[in-house]
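The values are calculated or read from the model by the stated rules, or taken from the named source; none is laboratory data. Just so you know, these numbers come straight off a predicted model, no measurement behind them. For neighbour counting, all protein chains shown are included, and Cβ atoms are generated from backbone atoms with ideal geometry for every residue, glycine included. Just the protein is used for accessible areas: all its heavy atoms, side chains included, with ligands, DNA and RNA removed. Shrake-Rupley method; radii C 1.70, N 1.55, O 1.52, S 1.80 Å.
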Amino acid sequence: MKKIAILGSTGSIGTQTLDVVRENGDIEVLGIAAGSNISLLEEQIREFRPRIAAVWTEEKAKELRVRIADTDTEVVEGMDGLIQVSTMQGAEILVTAIVGMIGIRPTIEAIKSGKHIALANKETLVTAGHLIMPLAKEHQVSILPVDSEHSAIFQSLQGNDRKAIHKILLTASGGPFRGRTQEQLMEVTVEDALKHPNWSMGQKITIDSSTMVNKGLEVIEAKWLFDVDVDQIQVVVQPQSIIHSMVEYVDGAVLAELGTPDMKLPIQYALYYPERRYLPGDRVDFWKLRHLDFEEPDMDTFYGLKLAYIAGRRGGSLPTVYNAANELAVSQFLKRQIKYLEITEIIEDCIRAHKVIEHPTLEQILETEAATYDRINSRR
């Protein structure tokens, strides 16, 4: 019986992780954490009977304690609560499906306590990869990617020497606005941006996919996960989302992982690695598919991706600025406080204004995030 804990259990990745748990029947969920959706969290507690459940605010924690008073689950709160779930005794794997830089501290503490990390929180490596990867090596724990693209790369590396990597081919669907110009994006609404053609995801990542900032975050994440230079990572638009990513080796061979757009595949692979298990669902039918398309990304229209390469090459605290500026800008767009194209404009402004810290500590990373937020909020 595998024993896991989940940060972000009520989100898209968290709920699909629990689907995998249901379908397999040999995973015990010891701890779960969510932000504010305590109605769904209560349902999860009653079904999976975790020892601990964490919520972000004291008010929500009090409400949840009343709701589940008839259970044995302990309710904790805030950052201390997240860390308590992340380090709880008995859990072997921590699924980090929480959104944002809030996931960094719990991930660090989980690694220190010997937990393997099933990583779905991009921000952890984008902003603190220089801290996380050496720490994982020191404590001999695995960082198992849950993103479909990084899982595909990870799977394509099995049995091969990572020193033989020539190039990583990171695929992108192109999002709902593939082929459009900047002029055509001027009046994009929240509803428009939330209509992804292939994937069902949370709101923030869906917006990020539409701007291709999500792909930029994945470029920086891949740099740390696979120990390659940013310029060894080439983004390839693959509109059908059948090829989830590829690795080109020094001899010219290209290995790829293909499948239908289903996040449960990378989740299950991370939880059971190196074992492969049956996963119910659709399969690729090549007779019906007939062809696969490939395009070069338009980094002029979607220049959030170009900014990611700038941030990734420069390193230091600049990826934190890229990530933090995007987080707040997307939040403002979803609240209809800014226009769609302002998301990338805000990221560029913050990157240009920032004085880079070469090897930031965790405290400096969080200070950089706060300073970036202050700059954006001062615009209003």
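Residues considered: Lys339, Lys355. Of these, the only one that is open to solvent by 60 Å² or more (accessible area, probe 1.4 Å), over 22 Å from the mean Cα position of the chain (by Cα) and more than 20 Å from Glu187 (Cβ to Cβ) is Lys355. Scan Val228, Val284, Val236 and give me the residue that is open to solvent by less than 50 Å² (accessible area, probe 1.4 Å), in contact (Cβ under 8 Å) with a residue 24 or more places away in the chain, assigned to a strand (DSSP E or B) and hydrophobic (A, V, I, L, M, F, W, C). Going through Val228, Val284, Val236 in turn, the sole match is Val236.
Tell me, yes or no, whether segment 180-203 has at least one residue that is crowded, with 18+ Cβ neighbours inside 10 Å and of a type in the set (Lys, Arg). No, because not a single residue in segment 180-203 is crowded, with 18+ Cβ neighbours inside 10 Å and of a type in the set (Lys, Arg). Just one of the listed residues (Ser210, Ser173, Ser142) is buried (at least 23 other Cβ atoms within 10 Å of the Cβ) and touching a helix residue (DSSP H, G or I) at 6+ places or on another chain (Cβ under 8 Å), and it is Ser210.
Looking at the structure I just gave you, is Tyr278 over 23 Å from Ile168 (Cβ atoms), open to solvent by less than 20 Å² (accessible area, probe 1.4 Å) and among the hydroxyl-bearing types (Ser, Thr, Tyr)? I'd like the intermediate steps shown before the answer.
On the way: over 23 Å from Ile168 (Cβ atoms): yes; open to solvent by less than 20 Å² (accessible area, probe 1.4 Å): no; among the hydroxyl-bearing types (Ser, Thr, Tyr): yes.
Spelling it out, it is not the case that Tyr278 is over 23 Å from Ile168 (Cβ atoms), open to solvent by less than 20 Å² (accessible area, probe 1.4 Å) and among the hydroxyl-bearing types (Ser, Thr, Tyr).
Given (1) touching a helix residue (DSSP H, G or I) at 6+ places or on another chain (Cβ under 6 Å); (2) touching a residue at least 40 places away in the same chain (Cβ under 8 Å); (3) open to solvent by 50 Å² or more (accessible area, probe 1.4 Å), identify the lone condition not met by Glu109. Going through the list (1) touching a helix residue (DSSP H, G or I) at 6+ places or on another chain (Cβ under 6 Å); (2) touching a residue at least 40 places away in the same chain (Cβ under 8 Å); (3) open to solvent by 50 Å² or more (accessible area, probe 1.4 Å), Glu109 breaks only (2). Every listed requirement among (1) modelled with pLDDT of 95 or more; (2) within 15 Å of the chain's Cα centre (by Cα); (3) surrounded by fewer than 22 Cβ atoms within 10 Å (Cβ to Cβ); (4) of a type outside the set (D, E, K, R) is met by Gly100 save one, (1).
Taking (1) surrounded by 12 or more Cβ atoms within 10 Å (Cβ to Cβ); (2) assigned to a helix (DSSP H, G or I); (3) of a type in the set (D, E, K, R) in turn, Glu248 satisfies each apart from (2). Note on segment 114-139: residues that are open to solvent by 10 Å² or more (accessible area, probe 1.4 Å), in contact (Cβ under 8 Å) with a residue 24 or more places away in the chain and over 21 Å from Val230 (Cβ atoms) amount to 6.
Within segment 287-305, being open to solvent by 20 Å² or more (accessible area, probe 1.4 Å) and either of a type in the set (Asp, Glu) or under 19 Å from the mean Cα position of the chain (by Cα) (or both) holds for Asp293, Glu295, Glu296, Asp298, Asp300. The test for being crowded, with 20+ Cβ neighbours inside 10 Å and within 22 Å of the chain's Cα centre (by Cα) does not hold for Ala370. Residues in segment 129-146 that are touching a strand residue (DSSP E or B) at 6+ places or on another chain (Cβ under 8 Å) and either more than 26 Å from Gln364 (Cα to Cα) or among the aliphatic types (A, V, I, L, M) (or both): Ile132, Met133, Ala136, Val141, Ile143, Leu144, Val146. The residues on offer are Leu341, Leu362, and the sole one that is in contact with a Leu (Cβ under 7 Å, 6 or more places away or on another chain) and closer than 18 Å to Ile207 by Cβ is Leu341.
Given the criteria touching a Pro at 6+ places or on another chain (Cβ under 7 Å) and farther than 15 Å from Val146 by Cα, does Pro176 qualify? It is true that Pro176 is touching a Pro at 6+ places or on another chain (Cβ under 7 Å) and farther than 15 Å from Val146 by Cα. For segment 313-330, does any single residue satisfy the condition of being surrounded by fewer than 16 Cβ atoms within 10 Å (Cβ to Cβ) and at pLDDT 95 or above? Checked against the condition, which is being surrounded by fewer than 16 Cβ atoms within 10 Å (Cβ to Cβ) and at pLDDT 95 or above, segment 313-330 yields at least one hit.
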